[in-house]
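*Asks:* What follows is a structure written as structure tokens; I'll ask about it next.
The values are calculated or read from the model by the stated rules, or taken from the named source; none is laboratory data. Keep in mind the model is a prediction, meaning the values are calculated, not measured. Here Cβ is always computed from backbone atoms with ideal geometry, including for glycine, and neighbour counts include all displayed protein chains.
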Amino acid sequence: MRTSWVTDLTQAQVRTMFGAPVALQGWDIAFRNNVTAITSVSDGEGSLVGTVHDGTDSYRTVVSARRVPGGVSVSSSCTCPAASMCKHAAAVIFATQRDQPAASGVSDWRRQLDRVLRAGGPVPPAVTTEVGVQFDVRSGRAGLAVALRPVRRNGRGRWVRSGLSWADLARPDLALPAAHRDALLGLFELARATGTAGDRPIHLHQFGDPVWASLARVHALGIPLLGSGAVSHVRLEPARAQLIVQPDPEDDQSGVVLTVAVQLGEIMADAAQPVGQPAHGAVAIHQNTLLLGGFGQPPVAAVDELFRAGRPIRIPPADVPRFLVDYAPRLRETVPDLAMAADLQTAQPQPPQLVVETTYAAEHSLEVIWLVAYRVGDNVLEYQLRDDHRSSAREPAAEWQLERAVVDLDTVVGVDGLTMATDTARVLVPEVRLGPVATARFVDTVLPRLREMGEVEVRVHGDLPDYRQAGEAAVVQVSATESAGDPDWFDLRIEVSVDEQPVPLESLLRALAAGEEHLVLAGGLYLSLDRPQFRRLRELIDEARGLVDVRTGIARATPLQAGWWADLVALGVPGEQSQRWQDAVAVLLGDQQHATVADPVGLKATLRPYQGDGYAWLGRLWDLHLGGVLADDMGLGKTLQTLAMVQRAKEDGTLPDPVLVVAPTSVMSTWVQEADRFTPDLKVVAVTETNRRRAGPLAAVVAGADLVVTSYTLLRIDAGEYRQLPWRGMVLDEAQFVKNHQSKTYQVARRTPAPFKLAITGTPLENSLMDLWSQLSIVAPGLFPDPEEFAEVYRRPIENDGDTERLDLLRRRLRPLMLRRTKSDVATELPPKQEQVLTVALYPQHRSVYDTHLTRERSTVLGLIQDLSTNRMHVLAALTRLRQLSLAAGLVDDRYADLASAKIDALVEHVQELAAEGHRALVFSQFTTFLRMIRDRLSAEGIDSGYLDGTTRNRAAVLDGFRAGNQPVFLISLKAGGFGLNLTEADYVFVMDPWWNPAAEQQAVDRTHRIGQHKTVMVYRMVSADTVEEKVVELQRRKRELFRTVIDDAQLSVPALSAQDFRDLLG
């Protein structure tokens, strides 16, 4: 390989090519053996390729050469950031020179001789370089900065910096005594460990404690330690740091000053500064000499902290006793080299005294701090109770005795936050901010006791209110006054007072809601909240939260809240009440069951006693311009009672405008017929067409009428016309039509103005208490204003949690506005009604089809009910298919039209038997297709039947035909025949398919079991065995229980329905 050029290069040539700093760094890398894998490449004079390791990185370096006149020209490339002519290229050259064997074919002696001869001239005599260490001193804000650099003596005998750096000390061509080189390089190695480069000065503050040994070695070898600038001499001396405690000369000798005195050799260096952190040495300038040296014994932490802070600690005269008692003993224990003036003495501390320091702030807040005080001569030293502050004056046992005496006071226990429990005892909380109640109790019951104790000093900052506990019972006063601008509303004012001081209702309720036991009033009076009176008041306010403004204590209400008012009055004493309010409340809360009111003169009927009571109750609501719900059992004459009320209004002159009756289309004719029969003096107009089909406007059609009858459909379509007319009253027959408060029909009924509104229904609650809320929000809008509040206060607790107390409360609120009587209560002359479930087994082929569909539908439904709110319609559709399959397979799939229905066969057998005995039957089904299948089968058996569903046009003629004829069977769809029919000619009822709304079935059954029936009514509910119908019957039972619970005053026992019910339906 032609790389002999590398051995021909001298170190001086390499320094010239690369520059001295770079060459020296390369030399350092090479002689640390950090160059590996050097190879030669034959190109020109030959190239060197090597891997250079520099710190954590490695680089690939290529060095090439070419001969030029007078020598060799070198170039390089490297993967390092410098890219070329870098320290890594120099390292490759130096490493190759160290390891390169003699070139092949050329004797080593010849190569060496050639190099010597090229140098030319005589060999100069050996010269030793004289090197010293120069200390550069600079003063700044951070103190003295001392830098060290090597210097050499030049030919003129002067010390110069040029041509010499710390790294140059390692050059082989630098003639230095070996001991000097080792000592100086040892000093440099200490600095280089901190990252200092070899061509820069090194700073004294970079060194650790070993620097002093290195400097001592340098000094011992006679290497000069040189100053610069104003510093002409440098002396290395042993250092000592001493803490001096003495009277402060700057404070008239009354204060105390703590300083650190540093001695360097024989000199006390007043302005000495630390070296290192923590300090291991010190430097100072004395006259023109730099003094420096290491501590033989490092200062303790306290002295080190004060030394490095660079300024003394001055203790003012007032604090000297505390210093001498608390701190001087600790300094003697911890500082070995301490010099304290002999005249710094103090008196013996006296026994402790307990101090309670209180600071009053706004909003009945009190800061309480417990201290212990010791008298020392003319001074008093105070410490926070049980802190960890050490003092020679303190006596922990005596302090605990004082504290225990306070803790044992019986009044202390009642102040929340004043004490706390530890593992061994109950102790005082050293510093606490008391809340209003605790502040009042502390000032009222604890402070007087503390003042009586000689060992406790009481300090009070701020003006304390006159705290005292209420001695008398609270007084709740309620009053009712006319509401300005609205004659239908009243302002009910709730006022609470104790010891003749008013109690803000808002503060009282907030404290009760937070579970607090006491309440503090503005003047300092505090009272216990543990009173049933307050708990009941909170319950009543929560119940009427939408009505009550707790800031003013005023509830804006109508007489509809009579029950709530009565409960309020029961808490305290009634205040001012307007006469109109008193009259209304007296009427609503009176004994409505036994009022005696003469029947209207024009009424062509004799009211039964319970009907007379209902008529009187309706009259009272009419007179008060209040609405209500007439919820009598079906068949007890609700229409007659309402007509009597309207007739009375006409006779006594309180019917300036007509009463609007809204009913299902099928029931409209009943109202017209009943009015014509019982109240012929009333002018009745039936509106049967929409505005588009009528001959004139609605106002012209109903002009002069006393009673206007229309349908829910027409009211919804022509809502604007109905709202524009004046109505004295509105009657909603079969009011379950407005049970959905999100429907348009509900919205129209609620927004149509009338001073009196009445809901008539035998089933005010079908599925949920929200059905009832919807009707009440129309007829009594101020009773439960907000649906969400009603759901929170009543529906969820009653339906979900079985809350019987909340159920009783709801009944009390409803009682003045809802009247319900059952047949068993008042119509004792009615013959009994017997009900029986007939279980029918499916035929085998029918069973096979049902089971196949059940498996498929169950899988679908169980997946859908995971998100019931979204998939409810799909779930109900699937269940409807199963209900149809339970009746006849052909209802779902025409392929099974020929499969016999066991339920139809069973019905036909019963009808044939009862017809032969002269009985007549009503047959109900929700599915009109199934009814037509029954009709076809009856016709095939030669049995005549009537038929009624929602598509029947000649409804009245069909009904009259059954009443007057001899048809033994009347087939009726559940929807079309659920209301408005009076069919007492029948004494048997067959319900062919159970529906989970039991109210719909009950309405159908009551078409025959009503006033006018003289025969025992037999009701058969036909249920297909082992089908979804059996699960529907169980759901009916639960819903029937919910209705009976709320409306008929039974005890609550069944929770509300949920998605689980749908799972149960599918087994």
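*Asks:* Restricting to the range 454-467, and then to whatever is without any contact (Cβ under 8 Å) to a residue 60 or more places away in the chain and over 39 Å from the mean Cα position of the chain (by Cα), can you tell me which residue is surrounded by the fewest Cβ atoms within 10 Å (Cβ to Cβ)?
*Replies:* Start the filter on the range 454-467 by keeping residues that are without any contact (Cβ under 8 Å) to a residue 60 or more places away in the chain, which leaves 454, 466-467.
Checking the rest, the ones that are also over 39 Å from the mean Cα position of the chain (by Cα) come to 454, 466.
Numbers: Gly454: 7, Asp466: 9.
Filtering the range 454-467 for residues that are without any contact (Cβ under 8 Å) to a residue 60 or more places away in the chain and over 39 Å from the mean Cα position of the chain (by Cα), the one surrounded by the fewest Cβ atoms within 10 Å (Cβ to Cβ) comes out as Gly454.
*Asks:* Take His874 and decide whether it is under 17 Å from Val1028 (Cα atoms) and modelled with pLDDT under 85.
*Replies:* Numbers: under 17 Å from Val1028 (Cα atoms): yes; modelled with pLDDT under 85: yes.
For His874, the condition - under 17 Å from Val1028 (Cα atoms) and modelled with pLDDT under 85 - is met.
*Asks:* Mind listing whichever residues of the range 775-815 are among the hydrophobic types (A, V, I, L, M, F, W, C) and part of a helix (DSSP H, G or I)? Even if it seems obvious, please write down each step before you answer.
*Replies:* Taking the range 775-815 as the starting set, the residues that turn out to be among the hydrophobic types (A, V, I, L, M, F, W, C) are 776, 778-780, 783-784, 790-791, 793, 798, 807, 809-810, 814.
Those that are among the hydrophobic types (A, V, I, L, M, F, W, C) and part of a helix (DSSP H, G or I): Leu776, Ile778, Val779, Phe790, Ala791, Val793, Ile798, Leu807, Leu809, Leu810, Leu814.
*Asks:* What do you reckon, is Phe295 under 29 Å from Val231 (Cβ atoms) and among the aromatic types (Phe, Trp, Tyr)? Reasoning before the result, please.
*Replies:* Working: under 29 Å from Val231 (Cβ atoms): yes; among the aromatic types (Phe, Trp, Tyr): yes.
So Phe295 fits the description; yes.
*Asks:* Taking Asp613 and the conditions (1) closer than 23 Å to Pro559 by Cα; (2) part of a loop (DSSP other than H, G, I, E, B), which numbered condition does it fall short on, given that it satisfies the others?
*Replies:* For Asp613, the failing item is (2).
*Asks:* So, restricting to strands (runs of 3 or more DSSP E) that lie completely within the range 949-1067, which ones have at least 3 residues that are aliphatic (A, V, I, L, M), under 27 Å from Asp936 (Cβ atoms) and at pLDDT 70 or above? Outline the logic, then answer.
*Replies:* Values: elements: 969-973, 988-991, 1017-1024.
Fully inside the range 949-1067 and qualifying: 969-973, 1017-1024.
*Asks:* Another question, then. For the subset of the range 716-737 comprising residues that are at pLDDT 95 or above and buried (at least 22 other Cβ atoms within 10 Å of the Cβ), which member is nearest to Asp657 (Cα to Cα)?
*Replies:* That would be Gly729.
*Asks:* Part of a strand (DSSP E or B), within 56 Å of the chain's Cα centre (by Cα) and either closer than 30 Å to Glu455 by Cα or touching a residue at least 40 places away in the same chain (Cβ under 8 Å) (or both), is that true of Leu354?
*Replies:* It is true that Leu354 is part of a strand (DSSP E or B), within 56 Å of the chain's Cα centre (by Cα) and either closer than 30 Å to Glu455 by Cα or touching a residue at least 40 places away in the same chain (Cβ under 8 Å) (or both).
*Asks:* Of all the residues that make up the range 18-33, how many are part of a helix (DSSP H, G or I) and either surrounded by fewer than 19 Cβ atoms within 10 Å (Cβ to Cβ) or not assigned by TED's automatic domain parsing to the domain that holds Val74 (or both)? Can you show your working first?
*Replies:* Going through the range 18-33, the residues part of a helix (DSSP H, G or I) turn out to be 18, 20-30.
The next check asks that each one be either surrounded by fewer than 19 Cβ atoms within 10 Å (Cβ to Cβ) or not assigned by TED's automatic domain parsing to the domain that holds Val74 (or both); those that pass are 20-21, 28.
Residues that pass the stated criteria total 3.
*Asks:* Follow-up question, since we're still on this one. Which one of Val14, Val41 is over 60 Å from the mean Cα position of the chain (by Cα) and either at pLDDT 80 or above or not assigned by TED's automatic domain parsing to the domain that holds Ser73 (or both)?
*Replies:* Values: Val41 fails: either at pLDDT 80 or above or not assigned by TED's automatic domain parsing to the domain that holds Ser73 (or both).
Answer to the selection: Val14.
*Asks:* When you look at Tyr722, is it among the hydroxyl-bearing types (Ser, Thr, Tyr), closer than 28 Å to Val1005 by Cβ and in contact with a Ser or Thr (Cβ under 6 Å, 6 or more places away or on another chain), yes or no?
*Replies:* Details: among the hydroxyl-bearing types (Ser, Thr, Tyr): yes; closer than 28 Å to Val1005 by Cβ: no; in contact with a Ser or Thr (Cβ under 6 Å, 6 or more places away or on another chain): yes.
It is false that Tyr722 is among the hydroxyl-bearing types (Ser, Thr, Tyr), closer than 28 Å to Val1005 by Cβ and in contact with a Ser or Thr (Cβ under 6 Å, 6 or more places away or on another chain).
*Asks:* Another one. Looking only at the range 730-748, decide whether some residue is outside any loop (DSSP other than H, G, I, E, B) and out of contact with any helix residue (DSSP H, G or I) (no Cβ under 8 Å at 6 or more places or on another chain). Can you show your working first?
*Replies:* Taking the range 730-748 first, the residues outside any loop (DSSP other than H, G, I, E, B) are 730-733, 735-738, 744-748.
Within this subset, residues satisfying the condition of being out of contact with any helix residue (DSSP H, G or I) (no Cβ under 8 Å at 6 or more places or on another chain) are 747.
Yes.
*Asks:* Could you list, in sequence order, the residues of the range 231-241 that are without any contact (Cβ under 8 Å) to a residue 60 or more places away in the chain and crowded, with 17+ Cβ neighbours inside 10 Å?
*Replies:* Going through the range 231-241, the residues without any contact (Cβ under 8 Å) to a residue 60 or more places away in the chain turn out to be 232-233, 235-239.
Result: Leu236, Glu237, Ala239.
*Asks:* So which pairs qualify, if the first residue must be in the range 707-726 and more than 15 Å from Phe737 (Cβ to Cβ), the second must be of a type outside the set (S, T, N, Q) and not in a helix (DSSP H, G or I), the Cβ gap must be under 6 Å, and the two must be at least 6 apart or on different chains?
*Replies:* Pairs found: Leu707/Val659; Leu707/Leu682; Leu707/Val684; Val708/Pro658; Val708/Leu660; Val708/Val685; Val708/Val702; Pro726/Asp657.
*Asks:* Among Arg394, Arg390, which is of a type outside the set (A, V, I, L, M, F, W, C), on the phi < 0 side of the Ramachandran plot and in contact with a helix residue (DSSP H, G or I) (Cβ under 7 Å, 6 or more places away or on another chain)? So that I can check it myself, show each step before the final result.
*Replies:* Details: Arg394 fails: in contact with a helix residue (DSSP H, G or I) (Cβ under 7 Å, 6 or more places away or on another chain).
Answer to the check: Arg390.
*Asks:* Right, next: Please note which strands (runs of 3 or more DSSP E) are completely contained in the range 171-285 and include at least 1 residues that are over 60 Å from the mean Cα position of the chain (by Cα), modelled with pLDDT of 85 or more and of a type in the set (Val, Ile, Thr). So that I can check it myself, show each step before the final result.
*Replies:* Working: elements: 233-236, 239-247, 256-264, 267-269, 273-275.
The qualifying strands (runs of 3 or more DSSP E) are 233-236, 239-247, 256-264, 267-269.
*Asks:* Taking Ala183 as the residue in question, decide whether it is surrounded by 16 or more Cβ atoms within 10 Å (Cβ to Cβ), in contact (Cβ under 8 Å) with a residue 12 or more places away in the chain, of a type in the set (Gly, Ala, Ser) and under 30 Å from Ala341 (Cβ atoms). Don't jump to the end; show me each part of the working.
*Replies:* Working: surrounded by 16 or more Cβ atoms within 10 Å (Cβ to Cβ): yes; in contact (Cβ under 8 Å) with a residue 12 or more places away in the chain: yes; of a type in the set (Gly, Ala, Ser): yes; under 30 Å from Ala341 (Cβ atoms): no.
In short, no.
*Asks:* Another one. Give me the residue from the range 66-89 that is within 14 Å of Val52 (Cα to Cα) and polar (S, T, N, Q) and, out of that set, modelled with the lowest pLDDT.
*Replies:* Looking at residues that are within 14 Å of Val52 (Cα to Cα) and polar (S, T, N, Q), I get Ser84.
*Asks:* Which of the residues that make up the range 242-260 are without any contact (Cβ under 8 Å) to a residue 24 or more places away in the chain and among the polar types (S, T, N, Q)?
*Replies:* Once the filter is applied, which keeps residues that are without any contact (Cβ under 8 Å) to a residue 24 or more places away in the chain and among the polar types (S, T, N, Q), the range 242-260 yields only Gln253.
*Asks:* Residue under question is Thr424, and the condition is that it be polar (S, T, N, Q), in the same structural domain as Val456 (by TED's automatic domain parsing) and within 22 Å of Tyr467 (Cβ to Cβ); does it hold? Steps first, answer last, please.
*Replies:* Numbers: polar (S, T, N, Q): yes; in the same structural domain as Val456 (by TED's automatic domain parsing): yes; within 22 Å of Tyr467 (Cβ to Cβ): no.
Answer is no for this residue.
*Asks:* For the range 335-351, give me each residue that is modelled with pLDDT under 85 and loosely packed, with under 15 Cβ neighbours inside 10 Å. Walk me through how you get there before you give the answer.
*Replies:* Quick first cut of the range 335-351, residues modelled with pLDDT under 85 only: 342-349.
Listed by number, the residues that qualify are Ala342, Asp343, Leu344, Gln345, Ala347, Gln348.
*Asks:* While we're here: Can we say Phe930 is among the aromatic types (Phe, Trp, Tyr), assigned to a helix (DSSP H, G or I) and either under 19 Å from Leu983 (Cα atoms) or in the same structural domain as Glu985 (by TED's automatic domain parsing) (or both)? Give the steps one after another, and end with the answer.
*Replies:* Details: among the aromatic types (Phe, Trp, Tyr): yes; assigned to a helix (DSSP H, G or I): yes; either under 19 Å from Leu983 (Cα atoms) or in the same structural domain as Glu985 (by TED's automatic domain parsing) (or both): yes.
For Phe930, the condition - among the aromatic types (Phe, Trp, Tyr), assigned to a helix (DSSP H, G or I) and either under 19 Å from Leu983 (Cα atoms) or in the same structural domain as Glu985 (by TED's automatic domain parsing) (or both) - is met.
*Asks:* Looking at the range 422-433, can you tell me whether even one residue there is among the polar types (S, T, N, Q) and surrounded by 14 or more Cβ atoms within 10 Å (Cβ to Cβ)? First the steps, then the outcome.
*Replies:* The initial filter retains those residues of the range 422-433 that are among the polar types (S, T, N, Q), namely 422, 424.
Among the residues that remain, those that are also surrounded by 14 or more Cβ atoms within 10 Å (Cβ to Cβ) are: none.
No, the range 422-433 contains no residue that is among the polar types (S, T, N, Q) and surrounded by 14 or more Cβ atoms within 10 Å (Cβ to Cβ).
*Asks:* Just for the range 390-445: of the residues that are among the hydroxyl-bearing types (Ser, Thr, Tyr) and in contact (Cβ under 8 Å) with a residue 40 or more places away in the chain, which one is nearest to Glu517 (Cα to Cα)?
*Replies:* Just the residues of the range 390-445 that are among the hydroxyl-bearing types (Ser, Thr, Tyr), to begin with: 391-392, 411, 419, 422, 424, 439, 445.
Next cut, in contact (Cβ under 8 Å) with a residue 40 or more places away in the chain only: 391-392, 439.
Details: Ser391: 43, Ser392: 45, Thr439: 14 Å.
By that ranking, first place goes to Thr439.
*Asks:* With the structure loaded, tell me whether Trp581 is part of a helix (DSSP H, G or I), under 20 Å from Gly627 (Cα atoms), of a type outside the set (A, V, I, L, M) and in contact with a Leu (Cβ under 7 Å, 6 or more places away or on another chain) or whether it fails that test.
*Replies:* Working: part of a helix (DSSP H, G or I): yes; under 20 Å from Gly627 (Cα atoms): yes; of a type outside the set (A, V, I, L, M): yes; in contact with a Leu (Cβ under 7 Å, 6 or more places away or on another chain): no.
No, not satisfied.
*Asks:* Where the second residue is part of a helix (DSSP H, G or I) and surrounded by fewer than 19 Cβ atoms within 10 Å (Cβ to Cβ) and the first is of a type in the set (S, T, N, Q) and lies in the range 735-757, which pairs have Cβ atoms under 8 Å and are six or more apart or on separate chains?
*Replies:* Thr745/Arg716; Thr752/Ala719; Thr752/Arg723
*Asks:* List every residue pair whose Cβ atoms sit under 8 Å apart, with the two residues 6 or more apart in sequence or on different chains, where the first one lies in the range 7-20 and is within 15 Å of Val63 (Cα to Cα) and the second, anywhere, is of a type in the set (Phe, Trp, Tyr) and modelled with pLDDT of 80 or more.
*Replies:* Qualifying pairs under 8 Å: Val14/Phe94.
*Asks:* Return yes or no: is Phe924 buried (at least 20 other Cβ atoms within 10 Å of the Cβ) and not in a helix (DSSP H, G or I)?
*Replies:* On the way: buried (at least 20 other Cβ atoms within 10 Å of the Cβ): yes; not in a helix (DSSP H, G or I): yes.
Considered against the rule, which asks whether it is buried (at least 20 other Cβ atoms within 10 Å of the Cβ) and not in a helix (DSSP H, G or I), Phe924 comes out as yes.
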